[in-house]
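A.B. asks: Got a structure for you, questions after.
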Ligand SMILES: Cc1cc2nc3c(=O)[nH]c(=O)nc-3n(C[C@H](O)[C@H](O)[C@H](O)COP(=O)(O)OP(=O)(O)OC[C@H]3O[C@@H](n4cnc5c(N)ncnc54)[C@H](O)[C@@H]3O)c2cc1C
């Protein structure tokens, strides 16, 4: 079986989420990586070194420079004439591209794949991760998005794939890139952070996030996350959100501070190796999934903890 993997990249390097997608694709068959970008030779060279990648296709065109799904999806759909499966990481951009590819191929997408049982059978979460469905696809070509926390990351070194140039239709004229505002942070990115400190509604303001959550995160070299309530209240930006409608994370340690543990929040973090919860309500649902729980006022406990570290 031949598998085409869409590589998430910034034209110079490959983003981490791609590595789990390569591992998942490797369980299906021969892995060919597609780098669609502009001035993206650096990303293609990095993709060629990923263990398990047998060939890299480089589509270098201004139309693919910003990863616009409207331009990238038709390129992939055309290339799929030579492949049995298409695999993308279940990231924001992956989830933007894959359904369009599925629609163009007139097949069903299998989303957020957790395991590959066989060439046509996969498991995926349903009901916000409260049940795992085993699904069998009868489509001739499979289109899958891969949950990054469910697969090991392929090694970034060890491969020596050849890079082959390909071209597509280029600009479809359906969308155009206007600009981007990228939040810059010295902290690790949430989906690759080993430790995450997350704050909830109880923080009560953005200033408290800065003065209570961030010093603890800095001491631990951790990423900073948040519940949706904290995001909706404007304490922190949207890309901090962990959960069903936010990011899915599985760090070594997840510290939930002033977060009740609503099912939609748990859907994004319950696979963390060690969960530490700080909450003043001893009956808060977060304690049901926590390995370590501290009952008390976060405004007292967290500065003390940070101080002691
Ligand atoms: C379709 C849908 C999708 C959703 N997606 C997401 C998602 O992706 N992520 C997400 O997080 N939510 C999501 N939600 C929202 C979710 O249901 C909850 O509303 C949200 O997670 C609650 O956030 P919270 O725990 O910060 O706030 P609350 O539920 O209000 O909890 C605050 C907690 O802080 C504690 N507390 C208060 N003061 C202190 C103090 N001084 N010291 C210590 N503890 C204190 C309280 O005891 C309480 O447990 C979604 C909801 C829906 C309907």
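A.B. asks: Which one is surrounded by the fewest Cβ atoms within 10 Å (Cβ to Cβ), of the residues in region 266-276 that are more than 9 Å from the ligand (Cβ to nearest atom) and free of Cβ contacts under 8 Å to residues at least 60 places away in the same chain?
C.D. replies: 273
A.B. asks: Any residue in region 233-240 that is surrounded by 15 or more Cβ atoms within 10 Å (Cβ to Cβ) and away from the ligand (no atom under 16 Å from the Cβ)?
C.D. replies: So far as region 233-240 goes, no, none of its residues is surrounded by 15 or more Cβ atoms within 10 Å (Cβ to Cβ) and away from the ligand (no atom under 16 Å from the Cβ).
Let's see how each residue does on (1) over 13 Å from residue 7 (Cα atoms); (2) free of Cβ contacts under 8 Å to residues at least 60 places away in the same chain; (3) surrounded by 20 or more Cβ atoms within 10 Å (Cβ to Cβ); (4) out of contact with any helix residue (DSSP H, G or I) (no Cβ under 7 Å at 6 or more places or on another chain):
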site	(1), (2), (3), (4)
53	no, no, yes, no
58	no, no, yes, no
82	yes, no, no, yes
113	yes, no, yes, no
117	yes, yes, no, yes
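A.B. asks: Is region 287-309 home to any residue that is within 30 Å of residue 95 (Cα to Cα) and within 11 Å of the ligand (Cβ to nearest atom)?
C.D. replies: The answer is no; no qualifying residue exists.
A.B. asks: A further question on this structure: Scanning for something in contact (Cβ under 8 Å) with a residue 12 or more places away in the chain, over 20 Å from residue 284 (Cα atoms) and either assigned by TED's automatic domain parsing to the domain that holds residue 46 or within 16 Å of the ligand (Cβ to nearest atom) (or both), does region 254-264 turn up at least one residue?
C.D. replies: Within region 254-264 (the criterion being in contact (Cβ under 8 Å) with a residue 12 or more places away in the chain, over 20 Å from residue 284 (Cα atoms) and either assigned by TED's automatic domain parsing to the domain that holds residue 46 or within 16 Å of the ligand (Cβ to nearest atom) (or both)), the answer is no, since none of the residues qualifies.
A.B. asks: Could you check how many residues of region 16-40 are surrounded by fewer than 21 Cβ atoms within 10 Å (Cβ to Cβ) and either farther than 16 Å from residue 52 by Cα or touching a helix residue (DSSP H, G or I) at 6+ places or on another chain (Cβ under 8 Å) (or both)?
C.D. replies: 3
A.B. asks: Could you list all residues from region 157-206 that are assigned to a loop (DSSP other than H, G, I, E, B) and within 17 Å of the chain's Cα centre (by Cα)?
C.D. replies: 182, 183, 187, 188, 189, 193, 194
A.B. asks: Name the residues in region 1-21 that are under 13 Å from the mean Cα position of the chain (by Cα) and part of a loop (DSSP other than H, G, I, E, B), would you?
C.D. replies: Result: 7, 8, 15, 16.
A.B. asks: Something else: Please enumerate the residues belonging to region 277-289 that are surrounded by fewer than 23 Cβ atoms within 10 Å (Cβ to Cβ), touching a residue at least 24 places away in the same chain (Cβ under 8 Å) and touching a strand residue (DSSP E or B) at 6+ places or on another chain (Cβ under 6 Å).
C.D. replies: 287, 289
A.B. asks: So which of 250, 202, 229 ends up being near the ligand (Cβ under 7 Å from one of its atoms), surrounded by fewer than 23 Cβ atoms within 10 Å (Cβ to Cβ) and within 24 Å of residue 91 (Cβ to Cβ)?
C.D. replies: The match here is 229.
The values are calculated or read from the model by the stated rules, or taken from the named source; none is laboratory data. Bear in mind the structure is a predicted one, so any value in this text is a computation, not a measurement. Cβ sites come from the backbone with ideal geometry, for glycine too, and all protein chains shown count toward neighbours.
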